[in-house]
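Every number here is computed from the coordinates shown, using simple stated rules; none is lab data. None of these values were measured; they are calculated from a predicted model. Neighbour counts are summed over all protein chains in view; Cβ atoms, including those assigned to glycine, are modelled from backbone coordinates with ideal geometry.
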Amino acid sequence: MKVQARITGGKIHEVGYRFHLLIKAMELGCERFFARNRLEDGRQLLLALTEGDEFQIAEFKRFTETSRPEGAEVETVALEDYHGPVMSVDRYLHFFIADQLNKGITALLRNDRKQDEMLEKQDNLLETQEK
């Protein structure tokens with residue numbers, strides 16, 4: 001069985017929602033999972049796909065309808081049968097880690113630029129004071 005969850009709201013991204021659902025899928029023993037943040041009509045959307053047996057999918061649906069990570073602002077949770085391919089949990093975990101590292105690299109580079117700007121301002125201030 002496969003299910004697609006479409007979760008929308010004011011704060012769905014950057015609250016750990018994908019990881020929240022991934023951990024539950026892994027806990028249930030689901031072998032296939034995929035989740036991706038998207039914007040749809042200017043609203044935050046999380047699309048999650050899960051494949052498992054009848055019990056696993058029923059529990060995943062219950063969890064998805066009732067559990068949210070801290071800080072999430074959910075307006076709708078829509079669950080429906082899904083018939084397309086779903087990535088293996090192992091492959092998704094690699095994808096997820098790479099995606100998180102990419103965010104981290106971007107943040108580090110941004111902080112590095114800010115630090116360079118601050119040091120340049122500090123150097124300019126010291127030069128002005130020395131004159």
- request: Would you please name the residue that is farthest from the chain's Cα centre (by Cα), looking only at residues in the stretch 42-89 that are surrounded by 15 or more Cβ atoms within 10 Å (Cβ to Cβ) and of a type in the set (V, I, T)?
  value: I57
In the stretch 86-131, the residues that are in a helix (DSSP H, G or I) and of a type in the set (V, I, T): V89, I97, I105, T106, T128
task: At least 2 residues that are without any contact (Cβ under 8 Å) to a residue 60 or more places away in the chain in each: list the strands (runs of 3 or more DSSP E) lying fully within the stretch 1-84 that qualify.
output: 32-40, 43-51
